[in-house]
Amino acid sequence: MRTLIFSSQTYDQDSFLAARIPGDIDLHFQPARLTLDTVALANGYDVVCAFINDDLGTAVLEHLAAGGTRLIALRSAGFNHVDLDTAQRLGLTVVRVPAYSPHAVAEHAVALILSLNRHLHRAYNRTRDGDFSLHGLTGFDLFGKTVGVVGTGQIGATFATIMAGFGCELLAYDPFPNPAVEALGARYLPLDALLAQAQIISLHCPLNEQTRHLINVDSLNRMRRGAMLINTGRGALVDTPALIEALKSGQLGYLGLDVYEEEAKLFFEDRSDLPLQDDVLARLLTFPNVVVTAHQAFLTREALGAIAQTTLDNISAWAAGAPQNLV
Ligand code: NAD
């Protein structure tokens, strides 16, 4: 199976080359993102392996099918970036990695909470500059605080377990309550009630038509004044420009983002010598109570290893006529 891995960074190459590679898979790595401009690189490849910011819209899928590709192997759990109707029409099979390490993402959400609460990002810069003062660094105990978990699947449940360990009170919102999260003592509430009560809100639901801009001007106004919002789900769960007014007024007290609606053309690349063209992101980065990471919540050795091995197993199973982890 000639397989082309788009958007492959050095850490992707390392994890694939360290995995058990079935003999019938011939791997090729392509650092470029899959777009209409780069799709021609996939001509003659049976399998295209794609990540979250690759373009798998109608036009790209049509080019892939015309070039002989038959399998799209996603290296992600999320598949909101794939035009599934077109894939089906063209006879392209789509498989994904439904779970790799919920711990990786859940722990990163907690890392954002702790950084924001204890101002670690500011303290790091301060002490390196010889400034050992503490003004402006007052945090709060997590113990006893109310945490709202939006989406309590694998990652949300893992996150809830960690926060229960801090002694937090758990609120949850999910159309399908998870008994394991209820067993932690979490109370399932309608979203508006969760937003009104939680001091920390963390998003762990998929991006779809129901959840796009779940957090917007109205929902921000329903939150407790000074609440903390953490998004490690997908950027478009949040109407990002609305965050700026909420931060300026103090309605939103802290913001931790690992994902951003307009991240596709920015994240995963070093743009440090270029002027930042995205004015919304540029403004967000000026707030002292905002921490942005560039979609790195998944980036642990364990998660990368599991992504590589499941992807290779998915390709093998499909080649053997018994596809698994179908989208
Ligand atoms: P999952 O399928 O196990 O859980 C998703 C949960 O969301 C389910 O319980 C589902 O019922 C719930 N849900 C569906 N619609 C909802 C809605 N309208 N409101 C509230 N909850 C809703 O998925 P998971 O493995 O826990 O992953 C969750 C999301 O995290 C993924 O969809 C992906 O977008 C994101 N993710 C981000 C990273 C990262 O690196 N930042 C990595 C992996 C996954």
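For the reader, a short list of remarks on this structure follows.
- Extension gain, Asp129-Asn216: 0.36 nm per intervening residue step, less the Cα-Cα distance, totals 27.6 nm.
- Equivalent ellipsoid semi-axes, the stretch 1-157, via Cα gyration tensor eigenvalues times 5, rooted, Å: 41, 19, 15
- The length gained on full extension between Leu120 and Leu326, counted as 0.36 nm times the residue separation minus their Cα-Cα distance, comes to 70.0 nm.
- From the largest down, the stretch 252-321 spans 52, 27, 19 angstrom on the principal axes of its Cα atoms.
- Relative packing of peptides 227-238, 96-107, 76-87 - highest average C-beta neighbours within 10 Å first: 227-238, 96-107, 76-87
- Highest-first arrangement of 131-143, 16-28, 186-198, where packing means the average Cβ count within 10 Å: 186-198, 16-28, 131-143
- Note: the chain, Cα convex hull, 148 Å³ per residue.
- Separation of the stretch 103-156 and the stretch 1-38, taken as the distance between their Cα centroids, equals 35 angstrom.
- Take 314-326, 293-305 and order them by the average number of nearby Cβ atoms within 10 Å per residue, most first; the result is 293-305, 314-326.
- Eigenvalues of the alpha-carbon gyration tensor of the stretch 102-292, scaled by 5 and square-rooted, set the equivalent ellipsoid semi-axes at 26, 20, 16 angstrom, largest first.
The numbers here are math on the coordinates, done by the rules we state, and not lab data. Note that the structure is a prediction, hence the values are computed from the model and not measured. Neighbour counts run over all protein chains shown; Cβ positions are idealised from the backbone, glycine included.
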